[in-house]
Amino acid sequence: MDTYEKNRQAQVRYLYSRAAFGATPAELTQAVEQPLRKTIRQLFHNSASVSDLIVVEPEQNQTRPVLRQLVRDGQLDKEMLRERIKQNAQKIRDLNLLWVDRMAAGSGALREKMALFWHGHFACRPSGQNALFMQQYINTIRRHALGKFSDLLMGVSKEPAMLQFLNNQQNRKNAPNENFAREVMELFTLGRGNYSEHDVKEAARAFTGWQYTPAGQFVFRERVHDEGDKTIFGKTGPFVGEDVIAALLANRQTARFVTSKLYRYFVNETEDKKRVDELADQFYKSGYDITDLMETMFGADWFYDARNVGAHIKSPVELLAGMRHTLGITFDQPQPQIFVQRTLGQTLFYPPNVAGWPGGRSWIDSSSLLFRMQLPAYVLKAAEVTIRPKEDGDVNTETLARKGGNNFRTTVDWPAFEGAFATVDDQKLTDAIAGALLPFALRPDQRTLIVSQAGTANDRSQRIRSLTVSIMALPEYQLS
Amino acid sequence: MNRRNFLAQSALTAAGSLMIPNFLKAYELSAMGTPLAPSGKILVIVQLSGGNDGLNTVVPYRNDIYYRERPTIAIPADKVLPLNDEIGLHPAMEPLRALYDDGLLTVINNVGYPNPDRSHFRSMDIWQTASDSSQYKTSGWVGRYLDSACAGKVQQPFRTIEVDDTLSLAMKGETLNGMSLLDPKKLYNQTRSKLITGLSHEHPDEHQSVAYLYKTLAETVSSADYVFEKTKQKHAVSGTTYPNHELGHRLHTVSQLIQSGLGTSVYYVSISGFDTHINQPGQQARLLGQYAEAVGAFMADLKGAGRQNDVMLMTFSEFGRRVKQNASNGTDHGTASNVFLIGGGLPSRRVLNEAPNLSKLTDGDLTYTVDFRQIYATLLHDYLGADDVAILGRSFEPLKLV
């Protein structure tokens, strides 16, 4: 590989690591041969369509109130009730695993990557183990992940899961609950400090009546809606929830806040103020077109600056999905993937609080780093796992994670991975694999260590596998 | 390569890098055994996860409302282990009552915070970060203690240790993190692979994220090594028998770590299972029994070692439970609960404040009278000798513990 190709490969690897969940060596080889712009377009093209994640049909879904009624009617005894609630929680786990499968699948990875970002932005946890609500919520996010932020914001804000999570069902005329209104401003649009307590109070009144049915339908209940005039951001009128959302979108600060968050996630945690201002301006002018904004980011020369490459610490789900995609890994039993998420602190559908996962350096401490470095051995060699994640105190979620947590039996598509290196000289093999997996070239001392780990395997296939496990165990593999 | 060579070589090769040499220098100077807290005191935190029912733990056994609201799960007055004329301990907690009789236990009733959140994860977050219920902090209070105590000094994660496989938010600071280990040997073995020891030599600092990872790795390997060496040298000799369950094992480990003279100021341990929505009595009795037994053994062990006045154990849960029992012989998520302080050289036999007022409830829940951050502030300032205002972000009225 000449220098030009090496640089191009590094660029493409980086693009795939940020705009998707990494690349396979074959994807890299193909992308190196075409202009970068074409690869970027391809990523968007491959994510153009979307199909829903389905683990529960609406008619099958039995919410906790429904189940309780069945108990009262004598159709269900306590034991069966417990079993049903457990089944609901298991459906949420299935949704989690199904989504990780989509992330790891490759095609459509950009959409799933964006959806993962939005899941943290519009953080939501299941209340009452309602799998249907979570399924609707995540599919709304996935559907609008690359569309207009305005549609995404309105869609997610009207999701029963979100209305429930942020207590808007309890937000009624004469008995306001401000939680929803506050988080819509603080976390979804403007950010702290860009609205007053008065705005929150008045917006909460506008959101009264935004409710949902047990079947998962958004409803506007006029009975509990406060029809009086409200004064929000200095304007007065008999506003309803949609008016508040419109006012928030009309405020340029929303574009600034969201763009800044996207920049910190997709480019660099350290914000470049001038650049973000320009991007935010474009985002606002485009009518909040997410695709337009992301295309600009991924296409910009500065995106590939040395200080951005390798600056991002992969979240646990990025790490897991990335490893799976690059090596074509399938889990014989999917449960260990929940174990990995819990142990490393990012369980899909269970963000730590309404502010989502803090990300960055908070992913790494002494124990999580050691576990991350051992993960390739667990996954690729079925090595024995001896650690256990903490319990979260909730009797309903604790039972789920225990079973089969450490049974890391996987199938790896080694032939495809090895095939991509078929024409590489033996001497260059270590650097070639590292080039496909890491944001930086190996330092000489690292190379020596990696090679010594691989031992004296004469069998080329064994050698590739052993080098891959070691390279993935490097701290640099935690970065993208 | 043995440890000594490894350290010597690391110290040499690390010359010029900012982070690791400091750490190793400290090692070489044997400064690591020096206590971090100016007071030389040690705090051990035991977290009861799931929301322990405080009313059935410290029982208001003379209160009619208590018995009226809990017809099938109330603890009968004649079974209670009385602390005074009003309240007594759950019958499964005999070892704790013995500590009370020895003047080692302080009970603080009605501990909570304004606008309580009844979600496990959120309320635990609030207790671990010491935030307001409307506020989201990404660092924990013990972590910020580490930040504050180690500001401008060498970085030593083992100064606050969680005995577990993973690290709680409580232990994560703004700039420093504590460390977690279930047992010193296990962590040591985890860091002994050729790859990991080989890499912990590295300290590239051209890229911030890279530097951070290697710094964390180097600190982990060195700390694991240090803790293992220390605990290997000195075994606890008290002959105390610990109960054979998780909390027993973990407190045993804490005691070994303390007695090996690590220079660790805060230890963190948790036990789960207190989310008792159904069939509470058996479940809670089992857990409280385990808790009391383990703490009893721990304190006896420390006494044998002459350390019971240097070590204070604090126990909390993220919330208490509703006053009224539910239809499944259980209780639902509530608000205020009790906190125990044990040992630490406190004066004897105390219940710090009034028992819960069951006739003055807020939406059926207990009304808090002590903000848990007052306890943190007092422990940080008066016990550990730390800057409580900097760590908690503002000043909280201290409790008169002494």
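Some points to look at:
- Segment A:226-328: proportion of alpha-carbon pairs further apart than 18 angstrom, %: 60 percent
- Debye intensity ratio I(q)/I(0), log10, the protein assembly as shown, q values 0.06, 0.08, 0.09, 0.10 Å⁻¹ (C-alpha model): -0.42, -0.77, -0.99, -1.22
- Database remark: amide H of A:S47 closer than 5 angstrom to the amide H of A:G108 (H placed geometrically; neighbours at sequence offset of 5 or more, or on other chains; Pro and chain starts carry no H).
- Calculated P(r) tail over 19 Å for segment A:1-141, as whole % of Cα pairs: 61 percent
- Carbon and sulfur %, accessible surface of segment A:181-290 computed with the full protein complex present, 1.4 Å: 51 percent
- Interface area, chains B and A: about 4200 Å² of buried accessible surface, summed, with a 1.4 Å probe and ligands, DNA and RNA left out.
- Mean Cβ neighbour count within 10 Å, used as a protection proxy, ranking B:40-51, B:71-82 highest first: B:40-51, B:71-82
- DSSP bridge orientation in the protein assembly as shown - percent antiparallel, rounded to nearest 5: 55 percent
- A helix-only calculation puts chain A at -16500 deg cm²/dmol for mean residue ellipticity at 222 nm, using -39500 (n - 2.57) for each DSSP H run of at least four residues, averaged over all residues.
- Euclidean distance of C-alpha centroids, segment B:116-194 and segment A:222-276, integer Å: 34 Å
- Prolate/oblate/rounded label for chain A (Cα gyration tensor, a/c 1.5): oblate
- For peptide A:347-355, the mean count of partner chain Cβ atoms within 10 Å of a residue's Cβ comes to 3.
- Debye-sum result for segment A:252-304 in log10 I(q)/I(0), which assumes one identical scatterer on each alpha carbon, at q = 0.23, 0.26 Å⁻¹: -0.79, -1.03
- For the pair segment B:299-350 and segment B:210-289, the centres of their Cα atoms are 17 angstrom apart.
- ³J(HN,Hα) computed for each position of segment B:65-79 - Karplus, 6.51 cos²θ - 1.76 cosθ + 1.60, integer Hz, glycine/proline x: 4, 4, 6, 5, 6, 10, x, 10, 10, 4, 7, x, 4, 6, 9
- Protection proxy ranking of A:293-304, A:310-321 - average other beta-carbon atoms within 10 Å, highest first: A:310-321, A:293-304
- Surrounding net charge for B:V59, when Lys and Arg each add one and Asp and Glu each subtract one, Cβ distance under 11 Å: +1
- Between the alpha-carbon centres of segment A:345-389 and segment B:89-105 there is a gap of 39 Å.
- Karplus-based coupling profile of segment A:15-26, in residue order and whole Hz: 4, 5, 6, 8, 8, 8, 10, x, 10, 7, x, 5, with θ = phi - 60° in 6.51 cos²θ - 1.76 cosθ + 1.60 and x standing for Gly or Pro.
- Count Lys and Arg as plus one, Asp and Glu as minus one, and take only other residues whose Cβ is under 10 Å from that of B:L146; the net charge is then +1.
- Antiparallel %, DSSP beta bridges [both residues in chain B], to 5: 45 percent
- Amide H partners (placed H, <5 Å) of A:K230, local residues excluded: A:G237, A:F239
- Average partner coverage of B:163-174, which counts Cβ from other chains inside 10 Å: 4
- Karplus-derived 3J(HN,Hα), 6.51/-1.76/1.60, for each residue of segment A:91-101, Hz, glycine and proline x: 5, 5, 5, 4, 5, 4, 5, 5, 5, 4, 4
- Solvent-accessible area per residue, Å², over segment A:252-304 with all protein chains present [probe radius 1.4 Å]: 41 Å²
- Inter-chain shielding of B:273-279 (mean C-beta neighbours from other protein chains, 10 Å cut-off): 3
- Burial ranking of peptide ranges B:272-279, A:38-45, A:248-255, B:292-299 (average Cβ count within 10 Å, highest at the top): B:292-299, B:272-279, A:248-255, A:38-45
- Radius 10 Å from Cβ of A:P334, net charge of other residues (Lys, Arg +1; Asp, Glu -1): -2
- Too-long pairs where the Cα-Cα distance tops 19 Å, listed order kept, from B:K324/B:K360; A:K201/A:K235; A:K201/A:K285; A:K314/B:K186; A:K6/A:K381: A:K201/A:K285; A:K314/B:K186; A:K6/A:K381
- Relative contact order for chain A: 17 percent, from Cα pairs under 8 Å spaced at least 6 residues apart, divided by residue count.
The values are calculated or read from the model by the stated rules, or taken from the named source; none is laboratory data. What you see is a predicted model; the values in this text were computed from it and never measured. Here Cβ is always computed from backbone atoms with ideal geometry, including for glycine, and neighbour counts include all displayed protein chains. Note: accessible area is taken over every heavy atom of the protein model, side chains too, but ligands, DNA and RNA are not part of it. Shrake-Rupley method; radii C 1.70, N 1.55, O 1.52, S 1.80 Å.
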